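Q: The structure is given below, and queries will be raised subsequently.
The values are calculated or read from the model by the stated rules, or taken from the named source; none is laboratory data. All figures in this text were calculated on a predicted structure; none of them were measured in a lab. Here the Cβ is made from the backbone with ideal geometry for all residues, glycine too, and neighbour counts use every protein chain on show.
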Amino acid sequence: MSLEETLKICLRDEKICLERINLSEYRNWAIGNLELTARGIAIHSMYVLNDYVKAREHFYKAALCGEYMVRNYDELMDTSIYKICCAVLSDNTDIINRYGTLKNKVSNKNFIGYIFNTAIRSIITDNAEELKAQIEKLKITVTKKGNKGFTGMINVCEGILNNNKILVEQGLQELIKTHGRRGEFWYAKTYFSFEITALAKLAWRKGIEVEVDSPLVPKEMLPVRELDNYIGYEF
């Protein structure tokens, strides 16, 4: 499926969701699907329109939907690492900070998704001790079947922790090499890496201006460029 075809589906689904969002029997479904459509529109904005303002706007919308689903329905964050990634990709400071404390009521603390999300939360909140703890967990967890694609995150996190640009870039390159082995959606697998771009942006937010040479990570998305105005969905 092309990105143009994806956009048509996303716009169609967005319209249906917005029409049904205030119907109690559809509210959960509608907001959950708006998160998915916003992601798709963001990718089309980057790779077809070269419009990175629009991309940030839609990553913000996706992050808003994800936050709502976690707070109101306790939808699992750990099986969808894209929620926190979209917050970082939006460059919206308020929602990034809110995701810094956003958690499920109960979590499997040894699950790779939990470790990923907690590591990012610790970077957002400047919690060095928590980040160290998640790095140690990563070293164990990435050796298990199905988790090896996250190995590069160890160097990324250690690089951010120690303000080491070379180590961060090394980890990002490792993640690029294992792209497609982290359960990505088809459009993420084909075009764009949510997690690699989000990690690179986190480094930039901490003053580590990494360079990444890959079409999976648009260079225009790396600098922190918070928009003057963000317009979200009304829930």
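Q: Which members of the range 80-93 meet the condition of being within 16 Å of G183 (Cα to Cα) and part of a loop (DSSP other than H, G, I, E, B)?
A: Within the range 80-93, S80, I81 meet the criteria.
Q: Same structure again: Could you say which residue among E209, E220 is within 23 Å of S45 (Cα to Cα), surrounded by fewer than 20 Cβ atoms within 10 Å (Cβ to Cβ) and among the acidic types (D, E)?
A: Numbers: E209 fails: within 23 Å of S45 (Cα to Cα).
Residue meeting the stated conditions: E220.
Q: Of all residues in the range 153-171, which are over 16 Å from K219 (Cβ atoms), over 16 Å from the mean Cα position of the chain (by Cα) and not charged (D, E, K, R)?
A: Hits for the range 153-171 are I154, N155, G159, I160, L161, N162, N163, N164, I166, L167, Q170, G171.
Q: Of these, S107, S45, which one is closer than 18 Å to Y230 by Cβ and surrounded by 15 or more Cβ atoms within 10 Å (Cβ to Cβ)? Write out each step before concluding.
A: Numbers: S107 fails: closer than 18 Å to Y230 by Cβ.
The match here is S45.
Q: If I ask for residues that are in a loop (DSSP other than H, G, I, E, B) and surrounded by 15 or more Cβ atoms within 10 Å (Cβ to Cβ), which ones from the range 110-121 would you list? Don't jump to the end; show me each part of the working.
A: Step one: list which residues in the range 110-121 are in a loop (DSSP other than H, G, I, E, B), which gives 110-111.
Of everything in the range 110-121, just one residue is in a loop (DSSP other than H, G, I, E, B) and surrounded by 15 or more Cβ atoms within 10 Å (Cβ to Cβ), namely F111.
Conditions tested, residue by residue: (1) in contact (Cβ under 8 Å) with a residue 60 or more places away in the chain; (2) under 21 Å from P215 (Cα atoms); (3) touching a His at 6+ places or on another chain (Cβ under 9 Å); (4) not in a helix (DSSP H, G or I).
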{"position": "K8", "(1), (2), (3), (4)": "no, no, no, no"}
{"position": "E14", "(1), (2), (3), (4)": "no, no, no, no"}
{"position": "E25", "(1), (2), (3), (4)": "no, no, no, yes"}
{"position": "M46", "(1), (2), (3), (4)": "yes, yes, no, no"}
{"position": "A63", "(1), (2), (3), (4)": "no, no, no, no"}
{"position": "D78", "(1), (2), (3), (4)": "no, no, no, yes"}
{"position": "I95", "(1), (2), (3), (4)": "no, no, no, no"}
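Q: Taking G146 and the conditions (1) farther than 23 Å from F185 by Cβ; (2) surrounded by fewer than 19 Cβ atoms within 10 Å (Cβ to Cβ), which numbered condition does it fall short on, given that it satisfies the others?
A: Status for G146: all satisfied but (1).
Q: I would also like to ask the following. Identify the residue in the range 172-223 that is of a type in the set (G, A, S) and assigned to a loop (DSSP other than H, G, I, E, B) and, among all such residues, is nearest to the chain's Cα centre (by Cα). If you could, list the steps in order and put the result at the bottom.
A: Step one: of the range 172-223, the residues of a type in the set (G, A, S) are 180, 183, 188, 193, 198, 200, 203, 207, 214.
So of that shortlist, the ones also assigned to a loop (DSSP other than H, G, I, E, B) come out as 180, 183, 193, 207, 214.
Details: G180: 15, G183: 14, S193: 9, G207: 19, S214: 17 Å.
Once the filter is applied, the top-ranked residue is S193.
Q: For the range 177-205, how many residues meet the condition of being more than 18 Å from R56 (Cβ to Cβ), crowded, with 17+ Cβ neighbours inside 10 Å and of a type in the set (D, E, K, R)?
A: The total comes to 2.
Q: Please work out which one of (1) in contact (Cβ under 8 Å) with a residue 24 or more places away in the chain; (2) under 26 Å from L34 (Cβ atoms); (3) surrounded by fewer than 16 Cβ atoms within 10 Å (Cβ to Cβ) is the condition P215 fails and give its number.
A: The one condition P215 does not meet is (2).
Q: Which condition number does G232 fail, the rest of (1) at pLDDT below 95; (2) part of a helix (DSSP H, G or I) being met?
A: (2)
Q: Here are E169, E136: which of them is at pLDDT 95 or above, more than 30 Å from K54 (Cβ to Cβ), part of a helix (DSSP H, G or I) and not basic (K, R)?
A: Exactly one residue qualifies, and that residue is E136.
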